[in-house]
1. Translational diffusion coefficient of segment 335-419 at 10 °C, 1.306 mPa s, Stokes-Einstein with Kirkwood Rh over Cα pairs, in µm²/s as a whole number.
2. In square nanometres and to one decimal, what's the mean projected area of the convex hull around the Cα atoms of the chain?
3. Sort segment 103-201 into rounded, prolate or oblate with this rule: let a ≥ b ≥ c be the square roots of the eigenvalues of the Cα gyration tensor; rounded if a/c is under 1.5, and if a/c is not under 1.5, prolate when a/b is larger than b/c, oblate otherwise.
4. Take the alpha-carbon centre of segment 178-198, take the same for segment 104-164, and report the distance between them in whole Å.
5. Set the Förster radius R0 to 22 Å, insert the Cβ-Cβ distance between residue 247 and residue 388 as r into 1/(1 + (r/R0)^6), and round the FRET efficiency to 0.05.
6. How high is the FRET efficiency from residue 368 to residue 151, r the C-beta distance, R0 45 Å, rounded to 0.05?
7. Would you kindly state how much longer the chain becomes between residue 266 and residue 37 on full extension, computed as 0.36 nm times their sequence separation minus their alpha carbon distance, in nm to one decimal?
8. Quote the relative contact order of segment 6-159 in percent (integer), defining contacts as alpha-carbon pairs under 8 Å separated by 6+ residues.
């Protein structure tokens, strides 16, 4: 070292700082890489991504190689700095060494730590992929030292009774997937985001949350006169209708409207014609998740089912279209304008039918009424009041004002609701 000029020592010092910056940026870049994007790029054949993924599969070896290289370079830089300081100020070596330590610390922090790590955090792929081609051979060169250090670390952890995790499960939970989708707004349209979130929510929603309630199910009562049945078949807006005798619980089948042509155009129509064309009813337990019911419909080659409770009583009706709407949204352009149970008022309030589903209200109005109890606004109001109200009654639920407008047969027919600011 005594034969080297000051200029050459400065050049070596600058080179060592650059190498230290390489190790610092490589560490941050490798650890900041998006693992799922990295996996996708590696599967597409990107060489840098494949090498980076291979290095990250053994993170302990990677970190050891980076730290060994970085510490060797920093120690060498400290030695060179000390030599330069002594050469420049031979008469006051103690002061020279102290000053060189402060200057080198600042230089390493600015040029070899903070700046390169900040760049690597902003552009991890640009830093990590090229660095992988250097880190891989260094990992092989430092292999004996890496083996020794890792075993020493294992011994220390064992002494401290700390168990090292052997699993490296990168799988995401359902909530984590939702967060990932929500944070992808700059890459996904709002429609695609809502579809993905709708799919993830299928497991948490039961069929009785979205079914058509029993009192709104349109069906054909075979006990009615033939003229009444014929008029109902001609004017119905539904493609499938349950056939029953007197009561919906006495269902005999499901009739597709196209199979009623013979009945409609017959000179002597009979109820037997409809019964023969009706398919066997398909029953769905009320607590079945939408996720499971979607596959059940596929397996049964069916797209409509009657929802039953634990006693076998029919509670409502669910269709494949109902489940698909949970994924893609309503098949309308204006949800508020087309929601038959929700009627906007000029003063900003809403008149809501008592039979309106709470989940539909929340989706249509972007509200957060509780959905873990009753399914309809009528049920929610009765649960909150704990009695059948005599007349107009109003309650405040969090930031929502709910006022009963009409009661009939012990049921709330309509309420007026608004969200308070």
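1. 125
2. 35.5
3. Oblate, because a/c is 1.5 or more while a/b does not exceed b/c.
4. Result: 35 Å between the Cα centres.
5. The computed FRET efficiency comes out at 0.35.
6. Plugging the Cβ-Cβ distance into 1/(1 + (r/R0)^6) gives 0.25.
7. 76.0 nm
8. Once divided by the residue count of segment 6-159, the mean separation gives 40 percent.
Any read-out appearing in this document is the output of simple, stated calculations on the displayed coordinates, not a laboratory observation. This is a predicted model, so every value here is computed, not measured. Methodologically, a virtual Cβ is constructed for each residue, glycine included, from the backbone with ideal geometry; neighbour enumeration extends over all protein chains shown.
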